[in-house]
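Shown next, in structure tokens, is the structure this report addresses.
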Amino acid sequence: MTFGRSGAASVVLNVGGARYSLSRDLLKDFPLRRVSRLHGCRSERDVLEVCDDYDRERNEYFFDRHSEAFGFILLYVRGHGKLRFAPRMCELSFYNEMIYWGLEGAHLEYCCQRRLDDRMSDTYTFYSADEPGAVGREEPRAGGAAEAAPSRRWLERMRLTFEEPTSSLAAQILASVSVVFVIVSMVVLCASTLPDWRAAAADNRSLDDRSRIIEAICIGWFTAECIVRFIISKNKCEFVKRPLNIIDLLAITPYYISVLMTVFTGENSQLQRAGVTLRVLRMMRIFWVIKLARHFIGLQTLGLTLKRCYREMVMLLVFICVAMAIFSALSQLLEHGLDLEASNKDFASIPAACWWVIISMTTVGYGDMYPITMPGRILGGVCVVSGIVLLALPITFIYHSFVQCYHELKFRSARYSRSLSTEFLN
């Protein structure tokens with residue numbers, strides 16, 4: 001270390017008012033990276049890049065950091081115990097102190113690592129998402145940037161209005177109108193499948209025409225909403241990849257395909273295949289219900305939970321498939337394979353027995369097929385108990401993930417609600 005008072009055998013670290021004396025030899029290989037960097041400083045500028053201030057006369061380095069957190073970290077690097085959070089200190093603040101001095105989350109005890117992971121998961125939305133209106137608060141720099149600032153502010157407001165229902169009063173009104181259109185379209189779609197409705201539409205052509213007009217108006221609203229959100233989106237490729245936007249496309253496209261097919265083939269076409277295709281496309285409009293996920297936290301929580309817990313869901317399917325293979329083979333053998341004269345015809349094959357296994361493991365029990373032999377009934381009881389246990393094992397992880405996702409989305413919604421309140425007051 002060439003910079004510093006010549007002849008000094010030790011240096012002093014002043015961390016938040018607490019002073020620690022270290023020898024120069026110890027400073028070179030000190031476990032904390034920030035402290036060891038002092039040994040290689042060649043000038044005062046290099047020193048001030050590492051610490052906040054320096055007193056050359058007393059050879060003292062000042063760090064404006066949390067003194068109690070540094071005391072815990074220093075005890076850990078000296079080998080006196082394990083690294084845990086300081087009492088009465090936020091986990092994220094202590095973690096920031098660790099990062100500052102050169103430690104990582106892996107140095108924490110396992111219990112503290114879990115606390116840190118939970119805390120970071122609860123607040124990650126706050127740190128990762130942009131604050132509402134951040135673009136609007138950005139200061140115009142000069143020239144073209146000053147002229148582009150109003151347009152950027154307007155685009156950001158439009159994005160929040162269409163993407164975040166709680167971001168403003170206009171967004172809430174827009175979301176309410178969308179929900180009304182979704183409900184109306186679902187009511188019309190469900191009513192059109194009723195036999196009485198079909199009979200009335202056959203006798204009264206105007207009733208069928210009114211339902212088509214209502215359906216066209218709803219589709220027009222959904223199409224316009226989707227086009228506007230695509231135009232004002234920042235990243236067009238990212239917009240197309242979003243699951244909710246894909247669902248919107250799947251819900252809207254069948255209507256236009258069915259209209260084109262009707263135009264080209266005619267409503268009374270002899271092509272039975274085209275008629276079946278039209279009915280399938282019409283029924284695909286049930287995807288409109290999923291559009292409600294844009295406006296309700298509950299559906300968003302469900303989607304986010306399934307996205308994060310896909311490993312647990314795959315694990316659950318593997319459990320069920322393995323148990324189904326074992327119990328279906330055993331049940332087919334006990335009910336049909338051992339005694340061919342008095343065999344149970346419902347268990348004539350392993351695929352047929354799989355249906356009984358799945359409804360037994362899920363405790364549904366339709367009663368359409370059941371074992372009649374004593375060994376088969378014992379196997380049925382084991383199958384039911386095994387199904388309860390196997391289904392319960394991954395459910396705990398999925399439940400905790402659901403609660404965590406719900407709190408995250410609720411926190412995000414609360415942030416935009418505070419932005420709405422501020423806008424209303426202003």
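Rank these by accessible area, largest first, 1.4 Å probe: 408, 49, 238. Present the calculation step by step, with values, prior to reporting the outcome.
On the way: 408 5, 49 120, 238 95 Å².
So, going from the largest accessible area down, we get 49, 238, 408.
Given a 1.4 angstrom probe, what's the average accessible area per residue across the stretch 300-369, in square angstrom? Walk me through the numbers on the way to the answer.
Values: 4060 Å² over 70 residues.
Per-residue accessible area for the stretch 300-369 comes out at 58 Å².
Extension gain for the segment residue 234 to residue 88, taken as residue separation times 0.36 nm less the Cα-Cα distance, is 48.4 nm to one decimal.
Surface composition of the stretch 302-385: carbon plus sulfur atoms hold 72% of the accessible area, using a 1.4 angstrom probe and ignoring ligands, DNA and RNA. Near the amide H of residue 83, within less than 5 Å, lie the amide hydrogens of 109, all on another chain or at least 5 residues away, with H placed in the peptide plane. Just to confirm the filter: which trypsin sites (Lys or Arg not before Pro) across the stretch 278-361 are DSSP coil and have at most 14 other Cβ within 10 angstrom of their Cβ? Qualifying residues, ordered by number: none. Applied to the stretch 241-255, the Karplus parametrisation 6.51 cos²θ - 1.76 cosθ + 1.60 on θ = phi - 60° returns per-residue 3J(HN,Hα) values of 7, 5, x, 5, 5, 5, 5, 4, 5, 5, 7, 8, 4, x, 5 Hz, with x for Gly and Pro. The alpha-carbon of residue 28 sits under 30 angstrom from the alpha-carbons of these lysines, leaving out residues fewer than 8 places away in its chain: 82.
The separation of the stretch 159-189 from the stretch 289-324, counted between C-alpha centres, amounts to 24 Å.
Could you look at the stretch 1-104 and say what percent of its accessible area is carbon and sulfur, using a 1.4 Å probe and all protein chains? Result for the stretch 1-104: 44 percent of the exposed heavy-atom area is carbon or sulfur. Expressed as a whole number of Å, what is the distance separating the alpha-carbon centroids of the stretch 233-267 and the stretch 23-63? So the separation of the two Cα centres works out to 63 Å.
Of the peptides 170-179, 241-250, 355-364, the order by per-residue mean of other Cβ atoms within 10 Å, starting with the highest, comes out as 355-364, 170-179, 241-250.
The values are calculated or read from the model by the stated rules, or taken from the named source; none is laboratory data. Just so we're clear, the structure is a prediction, and the values are computed from it rather than from any experiment. Backbone-built Cβ (ideal geometry, glycine too); neighbour counts: all protein chains shown. Areas reflect the complete protein model, heavy atoms only, side chains present, ligands, DNA and RNA absent. Shrake-Rupley method; radii C 1.70, N 1.55, O 1.52, S 1.80 Å.
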